[in-house]
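The values are calculated or read from the model by the stated rules, or taken from the named source; none is laboratory data. Bear in mind that the values here come from a model prediction, so they are computed numbers and not experimental data. Here the Cβ positions follow ideal geometry from the backbone for every residue, glycine too, while neighbour counts run over all protein chains shown. Keep in mind that these areas ignore ligands, DNA and RNA; they rest on the heavy atoms of the full protein, side chains included. Shrake-Rupley method; radii C 1.70, N 1.55, O 1.52, S 1.80 Å.
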Amino acid sequence: MKSVVIEQPNQLTLAERPLPQPAAGEVRVKVKLAGICGSDSHIYRGHNPFAKYPRVIGHEFYGLIDAVGEGVSAERIGERVVVDPVISCGHCYPCSVGKPNVCNELVVLGVHRDGGFSEYATVPARNAWAVPAAIPDENAVMIEPFTIAANVTGQVKPAEKDIALIYGAGPMGLTTLQALKNVYNVQQVIVADRIEERLVMAQRNGADWVINNSQQPLAETLAEKGIKPTLIVDAACQPSILQEAITLASPAARIVIMGFSSEPSQIIQQGITGKELSIFSSRLNAGKFPVVIDWLARALIDPTKLVTHKFDYQHVTDAIELFEKDQRHCCKVLLTFN
């Protein structure tokens with residue numbers, strides 16, 4: 001079989017590898033579609049501190065079960081599945097409190113273990129979630145990106161009366177936007193970005209107001225309308241955003257950060273305590289696949305609004321370079337296999 005392998009930073013090959021056999025408790029997935037994420041680019045470029053090389057990247061993928069290991073029912077063969085990339089131990093403290101996404105022994109497919117940019121992949125059977133027949137393939141492969149939004153919203157519990165501000169109109173920002181508007185019916189969702197074309201995407205995904213914060217400071221723009229957001233999501237992941245969010249937030253607001261920067265964020269404690277703000281962080285997903293499958297089954301979200309490009313996996317280098325360089329027109333890029 002062919003696999004997309006990052007041999008070392010900046011060295012990608014389409015390698016011929018033996019067909020993997022599922023171990024006990026595993027299934028083998030014949031991959032149909034996979035999505036490119038920023039973390040795939042980071043591993044390719046050597047910017048992910050958790051990655052080990054060589055590595056088959058890819059943690060957003062969908063396909064069919066074509067073989068099962070010992071202890072897995074043969075009835076699962078032929079099942080359409082989407083794969084949760086989070087593999088956890090199930091017994092450490094984070095797992096015991098419902099946070100397997102930060103398990104002490106965390107393994108993420110495509111990062112710590114070979115992932116889904118391959119014609120076939122073996123995964124734990126419990127990580128392969130059945131996809132209802134009514135959900136099309138191209139929506140199924142987008143379930144993992146929406147679990148990021150489900151993880152965010154599951155922590156902050158949005159309400160209709162919230163005034164939400166999202167920094168960043170990339171995939172994380174847009175999935176969160178759709179969840180806030182269409183699942184939680186938040187009355188006003190504002191999206192800020194520095195790229196005009198991305199703001200157009202935000203409008204297409206339901207934003208009530210979009211702001212180009214390269215043209216005017218966000219604080220001034222919001223102050224002119226007397227707006228103090230009650231829920232702020234940093235999907236742009238810049239260290240400087242946290243303090244600005246603290247300044248802009250309403251008293252009793254919630255702030256969510258998703259960035260992995262190792263650079264320090266300088267914050268003023270008084271601004272947090274004086275308004276009794278709640279600051280959350282969100283990484284990957286904590287068992288949110290059933291949540292997003294339900295959203296799709298009820299037609300609450302529309303992944304097609306995020307997908308802008310599709311490539312055969314043999315052109316994966318072109319696909320990643322487009323994803324990296326064309327932020328104006330490129331949002332979600334899919335790879336086709338088999």
Next item on the list: Would you point out the residue of region 235-249, among those that are in contact with a helix residue (DSSP H, G or I) (Cβ under 9 Å, 6 or more places away or on another chain) and of a type in the set (Gly, Ala, Ser), that is most open to solvent (accessible area, probe 1.4 Å)?
Entry: ALA236
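Here are VAL186, VAL200: which of them is more than 22 Å from GLY38 (Cβ to Cβ), free of Cβ contacts under 8 Å to residues at least 60 places away in the same chain and aliphatic (A, V, I, L, M)?
Going through VAL186, VAL200 in turn, the sole match is VAL186.
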Next item on the list: Can you confirm whether region 141-161 contains a residue that is touching a Cys at 6+ places or on another chain (Cβ under 8 Å) and part of a helix (DSSP H, G or I)?
Entry: yes
Notebook entry, point to check: Does ILE43 satisfy the condition of being farther than 19 Å from LYS288 by Cβ and open to solvent by less than 20 Å² (accessible area, probe 1.4 Å)?
Noted result: yes
Next item on the list: Just need a number here: residues in region 136-147 that are surrounded by 24 or more Cβ atoms within 10 Å (Cβ to Cβ) and either free of Cβ contacts under 8 Å to residues at least 60 places away in the same chain or out of contact with any Asp or Glu (no Cβ under 6 Å at 6 or more places or on another chain) (or both).
Entry: 5
Next item on the list: Evaluate region 158-165: report whether one residue or more is of a type in the set (Val, Ile, Thr), surrounded by 15 or more Cβ atoms within 10 Å (Cβ to Cβ) and farther than 23 Å from SER278 by Cβ.
Entry: no
Note to self: If I ask for residues that are in a strand (DSSP E or B) and either open to solvent by 40 Å² or more (accessible area, probe 1.4 Å) or not basic (Lys, Arg) (or both), which ones from region 317-338 would you list?
What the structure shows: VAL333, LEU334, LEU335, THR336
Checklist line | Selection count where residues are touching a residue at least 60 places away in the same chain (Cβ under 8 Å) and open to solvent by less than 50 Å² (accessible area, probe 1.4 Å), scope region 303-316 | finding: 5
Notebook entry, point to check: Has region 250-261 got any residue that is surrounded by fewer than 17 Cβ atoms within 10 Å (Cβ to Cβ) and in contact (Cβ under 8 Å) with a residue 40 or more places away in the chain?
Noted result: yes
Next item on the list: Working carefully through the options ASN182, ASN151, find the one that is on the phi < 0 side of the Ramachandran plot and open to solvent by less than 30 Å² (accessible area, probe 1.4 Å).
Entry: ASN151
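Take ASP312 and tell me if it is touching a Ser or Thr at 6+ places or on another chain (Cβ under 6 Å) and either at pLDDT 95 or above or of a type in the set (Phe, Trp, Tyr) (or both).
So ASP312 passes the test.
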Next item on the list: Identify all residues within region 50-61 that are open to solvent by 10 Å² or more (accessible area, probe 1.4 Å) and either over 21 Å from ALA235 (Cβ atoms) or free of Cβ contacts under 8 Å to residues at least 40 places away in the same chain (or both); write none if there are none.
Entry: ALA51, LYS52, TYR53, PRO54, ARG55
Note to self: Kindly evaluate SER41 against the criterion of being in contact with a helix residue (DSSP H, G or I) (Cβ under 6 Å, 6 or more places away or on another chain) and either modelled with pLDDT under 95 or farther than 13 Å from TYR120 by Cα (or both).
What the structure shows: yes
Next item on the list: Can you confirm whether region 277-293 contains a residue that is at pLDDT 95 or above, closer than 25 Å to VAL200 by Cα and surrounded by 13 or more Cβ atoms within 10 Å (Cβ to Cβ)?
Entry: yes
